[in-house]
Amino acid sequence: SFFGGIGGASRKGVLVKGSNYLEALAKTEIVVFDKTGTLTKGVFNVQEIHSEGVSEEELLELTAYAESYSNHPISLSLKNAYGKEIDNGRIIDVEEIPGHGIIATVDGNKVIAGNIKLMKKMKISYFEGEVIGTIVHVAINDKYAGYIVIADELKKDSAQAIKVLKEADIKKTVMLTGDNKNIASKVAKELGIDKVYAELLPADKVEKLEELFSQKSNKGKLAFVGDGINDAPVLARADIGIAMGGLGSDAAIEAADVVIMTDEPSKISTAMKISKKTLKIAY
Ligand code: ADP
Ligand code: MG
């Protein structure tokens, strides 16, 4: 009947990589989510551009160029907003810093594009006002050149996914994100997530997960749901690593124990229901 359970799950778009994970799913007490690409669409739209010393067009162009080698959702969005073809001959020395941003040389200019952490690291003073959204700060040749505000949307079924988990026996839902506190709290509140930790580096996410293990019972399990390359270590550390396969990275899919083959987080509770049913039949 375990095979029946795995087959049943796969027909509903959930790939379970072994009967032990099917059993673990039934005992899940804490579900931890990544934000971008997992609960949100991972597709950012440009909301505002504020440039200093260059035009808005130049700021967007240089940023899109600096970001052009990356597959990060933010990079893809900025390239998309720029809209024109990228001439690779204009870019050299690209360095991507996980959880921070990008440094690249474009037309001979050093472009630094990323969050506050990156600006601090590079000792560049930046706009400190509050906005609801994700801010990409940009410096050109070590001088602040302005910022671009981008915003992502919740996936259609994220709220439903959290609601159903709470109605089942899930004790706690948590969100971990590298994004800023304002946007993280807004998303968590809208979805009814119990606890949120923001501005985390990939390594901080593993550390937070370690802390969360102490909040479940001995026989209870902790699941982590993520989609990005940066999520592979956390996916591996959780009792059950669940990857969103729809747009997810290969690294995440490989590191995961369970793969949601569509883009719907509500499939997590579908998988848990199937696992509980299977266990009832098995014992
Ligand atoms: P998460 O997957 O939790 O959203 P990441 O670790 O991928 O977060 O990124 C965290 C933060 O680091 C982003 O919200 C952004 O501020 C910054 N960042 C990461 N990569 C880039 C990039 N390529 N360009 C600009 N900012 C970036
Ligand atoms: Mg992510």
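Data overview
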| quantity | calculated |
| --- | --- |
| Elements of type strands (runs of 3 or more DSSP E) in the range 190-283, at least 2 residues being in contact with a Lys or Arg (Cβ under 6 Å, 6 or more places away or on another chain) | 221-226 |
| Any hit, the range 153-168, residues being under 26 Å from residue 60 (Cα atoms) and of a type outside the set (A, V, I, L, M, F, W, C) | yes |
| Among the residues listed as 170, 183, the single one being of a type in the set (Val, Ile, Thr), within 15 Å of ligand 1 (Cβ to nearest atom) and surrounded by 15 or more Cβ atoms within 10 Å (Cβ to Cβ) | 183 |
| Single residue of the range 113-137 satisfying the filter (aliphatic (A, V, I, L, M), within 22 Å of the chain's Cα centre (by Cα) and more than 9 Å from ligand 1 (Cβ to nearest atom)) that is farthest from residue 183 (Cα to Cα) | 119 |
| Which listed residue, of 95, 58, 85, 67, is of a type in the set (Asp, Glu) and either in contact with a His (Cβ under 6 Å, 6 or more places away or on another chain) or surrounded by 16 or more Cβ atoms within 10 Å (Cβ to Cβ) (or both) | 67 |
| Tally of residues being touching a strand residue (DSSP E or B) at 6+ places or on another chain (Cβ under 7 Å) and touching a residue at least 40 places away in the same chain (Cβ under 8 Å) across the range 229-257 | 9 |
| Of all residues making up the range 32-55, the number that are more than 16 Å from ligand 2 (Cβ to nearest atom) and in contact (Cβ under 8 Å) with a residue 40 or more places away in the chain | 10 |
| Every residue from the range 129-152 that is surrounded by fewer than 16 Cβ atoms within 10 Å (Cβ to Cβ) and either at pLDDT below 95 or touching a strand residue (DSSP E or B) at 6+ places or on another chain (Cβ under 6 Å) (or both) | 129, 130, 132, 141 |
| Selection count where residues are in contact with an Asp or Glu (Cβ under 7 Å, 6 or more places away or on another chain) and charged (D, E, K, R), scope the range 37-78 | 1 |
| Filtered residue count, the range 8-37, keeping only those that are part of a loop (DSSP other than H, G, I, E, B) and either of a type in the set (Gly, Ala, Ser) or in contact with a helix residue (DSSP H, G or I) (Cβ under 8 Å, 6 or more places away or on another chain) (or both) | 6 |
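The values are calculated or read from the model by the stated rules, or taken from the named source; none is laboratory data. As the structure is a prediction and not an experimental result, all values here were calculated from the model. For neighbour counting, all protein chains shown are included, and Cβ atoms are generated from backbone atoms with ideal geometry for every residue, glycine included.
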